[in-house]
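Here's the structure, in structure tokens; my notes come after.
Each reported figure results from applying straightforward, stated rules to the coordinates on display, with no laboratory input. Because the structure is predicted, anything quoted here is derived from the model rather than measured. Glycine also receives a Cβ, built like all others from the backbone with ideal geometry; neighbour counts cover every protein chain displayed.
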Amino acid sequence: MRMRKRPNLEPRMERCSGLLVDRPEELRGRWKAAGKKIMGREAEKLYLELGCGKGRFTVDTAGSLPSVFYVALEKVPDAMIIAMERSAERDLDNLRFIDGDAVQLCQMFAEGEVDRIYINFCDPWPKSRDAKFRLTSPGFLRRYAALLPQSGQIHFKTDNLPLFNWSMEQMEKEGWELSEITNDLHGQGGKFIMTDYEAKFSAEGIKINRLVATKTEKTLDLSAPPLERMRFAALRDARGYAESLRDREETGR
């Protein structure tokens, strides 16, 4: 299910076209150089967000890290246009967007080119047969390992506890080092940049799970032996399967 089509999507996208990278594969291996040219200053790091949605987290994070070239990938233009308009309103010169799918990451970015990857509130794909589509499944984790250097990180947040626990298990099996693990991010004090849905969930008293996964010498990448078929990987959605489907309809993911 997809979110409803945004009014005047095409002219709105045209107005923000300068923020969209049309052919990301042409920048493969040259993203930081491109960032320096776009920003007018050295791009010290390259951060990538997968599934930026409406972009509240995206623009606030990019705005807080002016020396970082921040790239946000989103496959639902109806959501991405809101993120792009937010970026334009803030006049952020270190943020660009890709209309694409995470399956194609290795065609867009070179080995070791990305310093950090953000995954926020991704689709849980609760059925066992769909587990391979989860952005924290072994197939995707190996793609990320190929893109990150040693000590590169994945920052992962979700409100779905079964997905979080399953993801931790997969990350540990794939050789990632886990840290900053919490099942109640906003209950522990401190200030954190939130997504739109994170703010909504937190206001409703829904706890947010978060971890950091760091690439080590033991982390498996695309050079590892082929993955076996995943079995018995179904999730029991902590907020109910029907509610999960409703969230997917609202977000388009």
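Run lengths n ≥ 4 of DSSP H only: what is the helix-derived mean residue ellipticity at 222 nm for the chain, with -39500 (n - 2.57) per run over all residues, to the nearest 500? Before the final figure, lay out each step's value.
Details: 9 runs with 85 residues, N = 253.
That calculation yields -9500 deg cm²/dmol at 222 nm.
Taking the DSSP beta bridges in the chain as the whole, what percent of them are antiparallel, to the nearest 5?
In the chain, DSSP labels about 30 percent of beta bridges as antiparallel.
Ordered by residue, what ³J(HN,Hα) values in Hz, to whole numbers, does the range 138-145 give under the Karplus form 6.51 cos²θ - 1.76 cosθ + 1.60, where θ = phi - 60° and Gly and Pro are x?
Per-residue couplings from phi come out as x, x, 6, 4, 6, 5, 4, 4 Hz.
Tell me which GluC sites (Glu not before Pro) from the range 132-219 have a DSSP coil assignment and no more than 13 other beta carbons within 10 Å of their own.
Working: sites: Glu169, Glu172, Glu174, Glu177, Glu180, Glu198, Glu204, Glu217; in loops: Glu174, Glu204, Glu217.
Counting only loop positions with at most 13 other Cβ atoms within 10 Å, the GluC sites (Glu not before Pro) in the range 132-219 are Glu204, Glu217.
For the residues Thr58, Thr182, what sequence is obtained by ranking on other C-beta atoms within 10 Å, fewest first?
Fewest-to-most Cβ neighbours within 10 Å comes out as Thr182, Thr58.
Filter the trypsin sites (Lys or Arg not before Pro) in the range 1-98 down to the DSSP loop ones having no more than 11 other Cβ atoms within 10 Å, then list what survives.
Values: sites: Arg2, Arg4, Lys5, Arg12, Arg15, Arg28, Arg30, Lys32, Lys36, Lys37, Arg41, Lys45, Lys54, Arg56, Lys75, Arg86, Arg90, Arg96; in loops: Arg2, Arg4, Lys5, Arg28, Arg30, Arg41, Lys54, Lys75.
The qualifying sites are Arg4, Lys5.
If you place +1 on the Cβ of every Lys and Arg, -1 on the Cβ of every Asp and Glu, and leave all else neutral, what size is the dipole of the chain about its Cα centre, to the nearest 20 Debye? Display every interim value, and only then the final one.
Values: 42 positive and 40 negative charges, 71 e Å.
The calculated dipole for the chain is roughly 340 debye.
Would the range 22-73 count as rounded, prolate or oblate if I go by the C-alpha gyration tensor, calling it rounded below 1.5 in a/c and otherwise prolate when a/b exceeds b/c, oblate otherwise? Working shown, then result.
Numbers: a/c = 2.38, a/b = 1.22, b/c = 1.94.
Oblate shape, in that a/c is at least 1.5 and b/c is the bigger or equal ratio.
In the range 145-212, which trypsin sites (Lys or Arg not before Pro) fall in coil by DSSP and have 13 or fewer other Cβ atoms within 10 Å?
Values: sites: Lys157, Lys173, Lys191, Lys200, Lys207, Arg210; in loops: Lys191, Lys207.
Qualifying residues, ordered by number: Lys191.
Grab the beta carbon distance between Leu65 and Ala224, set R0 = 35 Å, and tell me the FRET efficiency rounded to 0.05. Intermediate results must be reported in sequence, preceding the final value.
On the way: r = 32 Å, r/R0 = 0.90.
My answer for the efficiency is 0.65.
Apply the Karplus curve 6.51 cos²θ - 1.76 cosθ + 1.60, θ = phi - 60°, to the phi angles in the range 103-118 and return the couplings in whole Hz, x for Gly and Pro.
4, 9, 3, 6, 7, 9, 10, 8, 4, x, 7, 9, 8, 8, 10, 9
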